[in-house]
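Throughout, read-outs are computed from the coordinates displayed, never taken from laboratory work. Note that the structure is predicted; figures quoted are calculated from it, not measured. Neighbour counts run over all protein chains shown; Cβ positions are idealised from the backbone, glycine included.
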Amino acid sequence: MNENPVTYWDEMKRHGYSRRDFLKFCTWMTAFIGVEASGVGKVVKAMETKPRIPVVWFHFQECTCCSESFIRSSHPIVADVILDKISLDYTETLQAAAGKQAEEALHSTMKKYKGEYLMLVEGSIPTEEDGVYCCIGGRTALDIVQEAAQNAKAIIAWGSCASNGCIQSSKPNPTGATPIHKIISGKPIINVPGCPPIAEVMAGTIVHLLAFDRIPQLDGLGRPKAFYSRRVHDTCYRRPNYDAGLFVNAFDDENAKRGYCLYKMGCRGPVTYNSCAVIKWNNGVSYPIQSGHGCIGCSEAHFWDNGPFYQHLASFPGFGIETTADNIGVVVGAATVAGVAAHAISTNIRKRKLIKEGIENGSVTEKKGGE
Amino acid sequence: MERVISERVYVWQLPVRLYHWINALCVAALAVTGYLIGRPLAVQSAAEASYSYWFGQIRFIHFVAAFIFFFNFLFRIYWGFAGNKFAQWRNFIIHRKSQVQEAVDVLKIDILQTQSKPLESVGHNSLAGFTYFITFLVFLFQCITGFGMYAAMSDSWLPHMFAWIVPLMGGDFAVRQWHHVMMWFFIIFSIIHVYLVFYHDYVEGRGIISSMAGGWKFIEKKK
Ligand code: HEM
Ligand code: SF4
């Protein structure tokens, strides 16, 4: 295999895809990763000539929704070729091997492709109690990650768990769930948050690595700019209703039927960076807002702690779940007005006495009318 | 007891007064529009979205006021170095023993209502100055978080200078939440501030209310 490496195109042919399908796939991927049309040739060439990237895919504290999303990518080539058929050397959920065999597959890949393999991590890593909350084959996730990261070419953190901790790290975070970028340093790490991330975003990130041999442009939080530079709100088709001040006030009101903006129902679109409104889900069928439910901000850090989901403002820390900053503000404001009023009354009583004394001893002059 | 003879002192220069009123107008506009942004009116309507743009306008006013507020604030910082002694930055930080003493005296006047001897300071008393220092910090916080959010919808360099706050606070949600919470600081500050100005005018008789319009205060003449 080393003498004559198998390319993606070879593998696609073997799966019975036509040249036409292949070119369509490449064009489509180029568009997704935000490369201009002239870049199609580059992607095609890479898929034709570059050997497949060896991939190890780890599963730690997660629900596998990222894998589920990925294998449901709208393009069959993604699942067929990039994922399970040829590229994946190790993944707990999809591989046929189990137990000792699986461990061997992992180790031989890491040895054979030292410095070349791509490490994909799904799930957060527990750090409390030396990481005993997640063990595979008798070793902690922490241990495994540290070993595998050493010789990885790059790391992709799949989903919110691996990129920001997701639900496992929400308060009080009993297992000390930690995203990968806080554990590993000195390696390129790409965060692909979302619960789950959109399949096309996942595929696009891999294709970018493959075609250009370097990691895509990332934003301040390590996310590929091509997919995470805009807020859901900026691309939402309900946005004109937002600007016009037409809001749904209850899920069963007339405004909801008319498809107005879900801002007042707690929509997190204005604070969430993702491509849901553009790429959408399930072959571009829909996305939460299109289906009548506000965005819950699943690709943002701490989105579980920013609840309740159906309120614009989060509940204020330390107060009841329904208490927002506005409730507290109104109470404190009213108390201030009351305090000020009481103060004014006592001042008046005192000052009157002072003025009277002043007039009596001559230090204050009082002008009488007609004087 | 003798009669009190007052003397006129020019305390607040025109730039300080202008700053004050521009700031007051901006804060009022920002708090009202900000509140509406956080909690828009519930309108039941069958209108087409293309028909109106009121929420967009509210936001527009917020952003225009925000820019004025920001540059006005920068100007005041400059004037803290360029202005007269009452405008100097030193008035806002308690660093001398006499200032500590004065802050205690002010608390006695304001809360215990016991002291009635005139204060040393002619400009800001040291406690007031310090409170304004705190408000400057909150101004700064509102500007950083506000422009940090604004960066997501702008290409210009100014907002992007503050974009670092978003990862620092853990995401746009937290930035927005705390930006909202701080609105209440402005509201409560304004209630107390306006009241205390009236109160000091009343008990001290130095014309503090009109001083922010004409610039003059009237202090007891020293013999
Ligand atoms: C006196 C100072 C200010 C007050 C009281 C204030 C208040 C508020 C409030 C209450 C909100 C609503 C937050 C929510 O969604 O719940 C808001 C939103 C916002 N404010 Fe301010 N603000 C102030 C200054 C600024 C400044 C200096 C900027 C700078 C550009 C700014 C930019 C914004 C932005 C971008 C939003 C989000 C609007 C949107 O996305 O629709 N604010 N403000
Ligand atoms: S539904 Fe949500 S994302 Fe869409 S315009 Fe309204 S607030 Fe923004």
I'd like the distance between the alpha-carbon centres of region A:30-69 and region A:115-146, rounded to an integer number of Å. 23 Å
Which stretch or stretches of region B:95-134 have amide N atoms under 13 Å from the point lying 7 Å from B:V9's Cα along the Cα→Cβ direction? B:118-126
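Could you pull out the pairs from A:K45/A:K100; A:K351/B:K217; A:K42/A:K225 whose alpha carbons sit more than 29 Å apart here?
A:K45/A:K100
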Among the aspartates and glutamates, which have Cα under 13 Å from the Cα of A:K356 when same-chain residues fewer than 8 positions away are ignored? A:E366
Go through A:K112/A:K153; A:K13/A:K50; A:K187/A:K280 and tell me which ones have a Cα-Cα distance over 19 Å in this structure. A:K187/A:K280
One checks the Cα atoms of the protein assembly as shown and finds Rg and Dmax, in Å, of 32.1, 116
Rounded, prolate or oblate: which fits region A:153-206 when a ≥ b ≥ c are the square roots of the eigenvalues of the alpha-carbon gyration tensor, with rounded for a/c under 1.5 and prolate only if a/b beats b/c? oblate
Relative contact order of chain A: what whole-number percent is it, with Cα pairs under 8 angstrom and at least 6 residues apart? 13 percent
Using only Cα atoms, tell me the angle between helix A:19-32 and the longest principal axis of chain A; keep it within 0 to 90° and round to the nearest 10. 20 degrees
Degrees separating the helix A:325-361 axis from the principal Cα axis of chain A, which is the longest one: 20 degrees
Along each principal axis of its Cα atoms, how long is region A:8-228 end to end? Whole angstroms, biggest number first, please. 53, 38, 29
Residue-ordered couplings for region A:218-230, obtained by feeding phi - 60° into the Karplus form 6.51 cos²θ - 1.76 cosθ + 1.60 and rounding to whole Hz (Gly and Pro as x), are 10, 8, x, 9, x, 9, x, 4, 4, 10, 10, 8, 10
The helix B:97-107 Cα axis meets the longest alpha-carbon principal axis of chain B at an angle in degrees, between 0 and 90 and rounded to 10, of 80 degrees
Give me the log10 of I(q) over I(0) for chain B at q = 0.15 Å⁻¹, as the Debye formula computes it from C-alpha points; what are the numbers? -1.06
Could you please report the charge total around B:M212, scoring K, R as +1 and D, E as -1 over all other residues with beta-carbon less than 13 angstrom from its beta-carbon? +2
Taking B:Y202, A:Y113 and counting other C-beta atoms within 10 Å, the order from fewest to most: B:Y202, A:Y113
Kindly write out, for region A:40-56 in residue order, the coupling ³J(HN,Hα) from the Karplus curve 6.51 cos²θ - 1.76 cosθ + 1.60 (θ = phi - 60°), rounded to whole Hz, with x marking Gly and Pro. 4, x, 5, 5, 4, 4, 4, 5, 7, 10, 7, x, 4, 7, x, 10, 10
Roughly how crowded by other chains is peptide A:254-266, in terms of the mean Cβ count from those chains within 10 Å of each of its Cβ atoms? 2
Under the Karplus relation with 6.51, -1.76 and 1.60 and θ = phi - 60°, whole-Hz ³J(HN,Hα) for region A:118-131, x at Gly and Pro, equal 9, 10, 10, 10, 10, x, 8, 10, x, 10, 5, 6, 6, x
Go ahead and set up a Gaussian network model of chain A, Cα springs under 10 Å, then flag whichever of A:P193, A:P179, A:P51 fluctuates most. A:P51
Order these peptides, A:219-227, A:248-256, by their mean beta-carbon neighbour count within 10 angstrom, highest first. A:219-227, A:248-256
